[in-house]
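Asks: Before I ask anything, here is the structure I am working with.
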Amino acid sequence: MFTSYAMRKFKNRFFFFLCLLCVVAAVLPLLSILYEVVVRGAPQLSLQFLTQGPGTIGQSAGGIGPAIQGSLILIGLTSLIGVPVGILSGVYLAEYGNNKYADAMRTINDMLTEFPSIVIGITVSAVVVSLIIGRYSAIAGAVALAFMMIPIVARTTEESLKLVPNSVREASLALGVHKWRTTVSVVLPAARAGLVTGTLLSVARIAGETAPLIMTILGNTYFFLGFDQPMDALPLRIYRNSLQPYQDLQAQGWGAALVLVLIVLAINVGVRFASRGRFRR
Amino acid sequence: MISINDSSEFESMKMRSVGLNAWFGAKQALKDINVAVKANAVTAIIGPSGCGKSTLIRCFNRMHELVPGAKTSGQVLLDGKDIYSGDIDPVMIRRRVGMVFQKPNPFPTMSIYDNVAAGLKLTGMKKGKNLDEVVRRSLEQATLWEEVKNDLNNPGTSISGGQQQRLCIARAIALQPEVILMDEPCSALDPIATARIEELVVQLKNQYTVVIVTHNMQQAARVSDFTAFMYLGRLIEFGDTSSVFENPRSELTEKYITGKFG
């Protein structure tokens, strides 16, 4: 009796230990990346670093102001295209999507979510950069990132609208409210937390994208020149600086990496607040 | 006493169905229903689960067709005009024929005030109306005003289940419909809340025509003037509540109201 109890306790502890080991194995790389980024990036942080353009090579004075500005412009521009299209697609899928066209759209949407970003970049480059605008430009970057944002927003919108109980729709329709008005004034507000979460997650996703930007906004060392002009962005700055042979530029790259990580972390914390149930019962 | 055979009285009814059939996909839920609803009276529809009573009233404001695969045939006449004829917009019918559901379903993102005002706001019918007055009058008619008058800005979901159901009734009557359909409005409520709703139903018939679906026979006997008994998608018996309960013509009705099945 005693031995079997001791054995059972031992097995319990053993498997608990195994689980713990797996968690450590999963978290350790993440923590070591964070550690590396903070240790190497933190010394770079200063008001000058965050607000000024890069100086001349060899001088340690200089910053990543243009990259931060470019990333923020890019996020804004992408959201301007991606959020309305994504939310409207999601509304179609959830509220009117009981047909084979919507099924096809859902499949394509899922494929697009997993699509290699470099392929999106090269396509947008071939169409927008080469044919329409004729040069590397901020707007081309936003179009490429919007292709990545739309499927995420559409999917999360559909899922959050499906969580709104049907009784709420029926309540509105039974009052003689038109279906579109029911969707806009009753269903969408009820799903607001989910919509905000989906949007912020998609922003976090695109904020770190590099591949599509290389071929669309190119990157430069100037502050904003115009929507039809090349622009810098944080991931691009990290990429370019890491290839440089100069130590101070490499160090600036680490600083840019830390700033990017902080932005993404801030968005994730924002998601937690947004999805904290204001409308949950 | 009204009877389906007395055609002159039957035709002057507020609402009636003529040869109404309804399906969910291939399954027929209503079979050849001929029933009438008298103005300013309470008509109860009783019957065991799955007999089609909810489907029947959902056909009365064209909510049935919102279920994917659902269809109907036959007529439903409102003031003598078929609400299923091609030139009728179902949205307009639902403004004239309101509905209260089984489970209280106030709009989760709206305050008590906005829940009551929602019908007028969302249908664009608030023009020339004093919203405050409509909200107050509707809540008073739903006997909820005294309980919530100081909390009008609280969420509609913050009050008790019975209060929420009266809020839903207030929301329906804010549009001043001609007919109010109630789909087992008390089945999610405790006995005290149920008693309040029942009192309210009886009051409402002074201004509105009420149709109430219930699986509770005592409730039908207490609140209704007319009773329809349905079984397996068919209308078995219809008439004065007192005669249906005291002197049923059909053996099936008698078995049901004496609790031998259902």
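Asks: Positive end of the dipole of the stretch A:64-275, charges at C-beta (+1 Lys, Arg; -1 Asp, Glu), about the Cα centre: which of A:ILE267, A:LEU188, A:GLN229 has its Cα farthest in that direction?
Replies: Towards the positive end, the residue furthest out is A:LEU188.
Asks: Next question, about the same structure. If you fit an axis through the alpha-carbon atoms of helix B:161-173 and take the longest principal axis of the Cα set of chain B, what angle between them do you get, 0 to 90°, nearest 10?
Replies: For B:161-173 against chain B, the angle is about 90 degrees.
Asks: Within the set of other residues whose C-beta is less than 15 Å from the C-beta of A:LEU249, count the net charge using Lys and Arg as +1 and Asp and Glu as -1. It would help to have the intermediate numbers written out before the result.
Replies: Working: positive: A:ARG40, A:ARG237, A:ARG240; negative: A:ASP232, A:ASP248.
Spelling it out: positives minus negatives among the neighbours equals +1.
Asks: Suppose every K and R has +1 on its Cβ and every D and E has -1 on its Cβ; what is the size of the dipole of the stretch B:183-262 about the Cα centre, in Debye to the nearest 20? Numbers along the way, then the final one.
Replies: Values: 7 positive and 11 negative charges, 23 e Å.
That gives a dipole near 100 debye.
Asks: Hey, if you put +1 on the Cβ of every Lys and Arg and -1 on every Asp and Glu Cβ in the stretch B:51-110, which of B:MET92, B:GLN75, B:PHE60 ends up farthest toward the positive end of that dipole?
Replies: Result: B:PHE60.
Asks: Looking only at other chains, what is the average number of their beta-carbon atoms within 10 angstrom of each beta-carbon in B:107-117? If you can, show how the numbers build up before the last one.
Replies: Working: counts 9, 9, 12, 4, 0, 0, 0, 0, 1, 0, 0.
The per-residue average across the peptide is 3.
Asks: Still on this model: Counting partner chain Cβ atoms within 10 Å of every residue's Cβ in B:171-177, what's the average? List each step's numbers first, then the result.
Replies: Details: counts 4, 3, 0, 1, 3, 0, 3.
Mean partner-chain Cβ count within 10 Å for B:171-177: 2.
Asks: For the stretch A:96-178, with only Lys/Arg (+1) and Asp/Glu (-1) charged at the beta-carbon, what is the dipole magnitude about the Cα centre, in debye rounded to 20?
Replies: Values: 6 positive and 6 negative charges, 34 e Å.
Roughly 160 debye for the stretch A:96-178.
Asks: A follow-up question, please. By average Cβ neighbour count within 10 Å, what is the ranking of A:13-22, B:186-195, B:165-174, B:126-135 from highest down? Don't jump to the answer; show the numbers that get you there.
Replies: Numbers: A:13-22: 9.8, B:186-195: 15.5, B:165-174: 27.5, B:126-135: 12.5.
Put in order of decreasing packing, that is B:165-174, B:186-195, B:126-135, A:13-22.
Asks: Beyond 31 Å between alpha-carbons counts as too far, so tell me which of B:LYS81/B:LYS126; B:LYS31/B:LYS260; A:LYS100/B:LYS53; B:LYS126/B:LYS149; B:LYS38/B:LYS129; B:LYS53/B:LYS205 fall in that bin. Can you show the working numbers first?
Replies: On the way: B:LYS81/B:LYS126 27 Å; B:LYS31/B:LYS260 24 Å; A:LYS100/B:LYS53 33 Å; B:LYS126/B:LYS149 21 Å; B:LYS38/B:LYS129 29 Å; B:LYS53/B:LYS205 20 Å.
Violating the 31 Å limit, Cα to Cα: A:LYS100/B:LYS53.
Asks: Where does each of B:95-105, A:23-33 land if you order them by average Cβ count within 10 Å, highest first? Could you put the intermediate results ahead of the total?
Replies: Values: B:95-105: 22.3, A:23-33: 9.8.
Highest to lowest by the protection proxy: B:95-105, A:23-33.
Asks: Hey, another quick one. Quick check on chain A: helices-only [θ] at 222 nm, where DSSP H runs of length 4 and up contribute -39,500 (n - 2.57) each and the sum goes over total residues. Nearest 500, please.
Replies: Details: 12 runs with 193 residues, N = 281.
Here the helix-only value at 222 nm equals -23000 deg cm²/dmol.
Asks: Mind pulling the angle between the C-alpha long axis of helix B:112-122 and the longest principal axis of chain B? Nearest 10 degrees, somewhere in 0 to 90.
Replies: So the helix axis and the longest Cα principal axis differ by about 70 degrees.
Asks: How compact and how long is the stretch A:1-146, expressed as Rg and Dmax of its alpha-carbon atoms in Å?
Replies: Radius of gyration, then largest Cα-Cα span, for the stretch A:1-146: 25.3, 82 Å.
Asks: Further question on the same structure: Residue by residue through the stretch B:187-204, which ³J(HN,Hα) values in whole Hz follow from phi under the Karplus form 6.51 cos²θ - 1.76 cosθ + 1.60 (θ = phi - 60°), with glycine and proline marked x?
Replies: Calculated HN-Hα couplings, in order: 6, 9, 10, 7, x, 5, 5, 4, 4, 5, 5, 5, 4, 4, 4, 5, 5, 4 Hz.
Asks: Working only with C-alpha atoms, what are the Rg and Dmax values of the stretch A:15-101, expressed in angstrom?
Replies: In order Rg, Dmax, the Cα atoms of the stretch A:15-101 give 22.4, 62 Å.
Asks: What nm value, rounded to one decimal, do you get for the distance between B:SER12 and B:ASP32 when each label is placed 7 Å out toward the C-beta?
Replies: Reported label-point gap for B:SER12 and B:ASP32 is 2.9 nm.
Asks: Helix by helix, which DSSP H runs in chain A go 18 Å or more along their axis at the Cα atoms and have an average Kyte-Doolittle hydropathy of -1.0 or more?
Replies: On the way: long enough: A:2-41 (56 Å, 1.26); A:65-95 (43 Å, 1.44); A:100-113 (20 Å, -0.42); A:138-162 (35 Å, 1.09); A:192-207 (22 Å, 1.11); A:247-275 (42 Å, 1.24).
Helices meeting the span and hydropathy rule in chain A are A:2-41, A:65-95, A:100-113, A:138-162, A:192-207, A:247-275.
Asks: If you bin the C-alpha pair distances of the protein assembly as shown every 10 Å from 0, what whole percents do you get?
Replies: It works out to 3, 14, 19, 17, 13, 12, 11, 7, 3, 1, 0, in whole percents.
Asks: For the stretch B:81-169, what number results from the quotient of the Cα radius of gyration and 2.2 N^0.38 Å?
Replies: 1.18
Asks: Can you give the charge dipole size of the protein assembly as shown about its Cα centre, rounded to the nearest 20 debye, using +1 on the beta carbon of Lys and Arg and -1 on the beta carbon of Asp and Glu?
Replies: On the way: 52 positive and 40 negative charges, 200 e Å.
Dipole about the Cα centre, nearest 20: 960 debye.
Asks: How many Cβ atoms of partner chains, on average, are near each residue of A:176-184 if near means within 10 Å of its Cβ?
Replies: Details: counts 18, 10, 5, 2, 0, 5, 1, 0, 1.
Across A:176-184, the average partner-chain Cβ count within 10 Å equals 5.
Asks: Collect residues whose amide H, placed 1.01 Å from N in the peptide plane, falls under 5 Å from the amide H of B:MET99; neighbours closer than 5 in sequence don't count.
Replies: Answer set, sorted by chain and number: B:LEU181.
Asks: Along the charge dipole of the stretch A:64-275, which of A:MET215, A:LEU173, A:GLN250 sits closest to the positive end, that is, farthest toward it, with unit charges on the beta carbon of Lys, Arg, Asp and Glu (+1, +1, -1, -1)?
Replies: The residue sitting most towards the positive pole is A:LEU173.
Asks: Let me ask something else. With viscosity set to 0.692 mPa s and temperature to 37 °C, compute the Stokes-Einstein D of chain A, Rh being the Kirkwood radius across alpha carbon pairs; µm²/s, no decimals.
Replies: Working: Rh = 21.6 Å.
After rounding, the answer is 152 µm²/s.
Only the coordinates and a few stated rules stand behind these numbers; no lab work does. Note that the structure is predicted; figures quoted are calculated from it, not measured. As a convention, Cβ positions derive from the backbone with ideal geometry for all residues, glycine included, and neighbour counts pool all protein chains shown.
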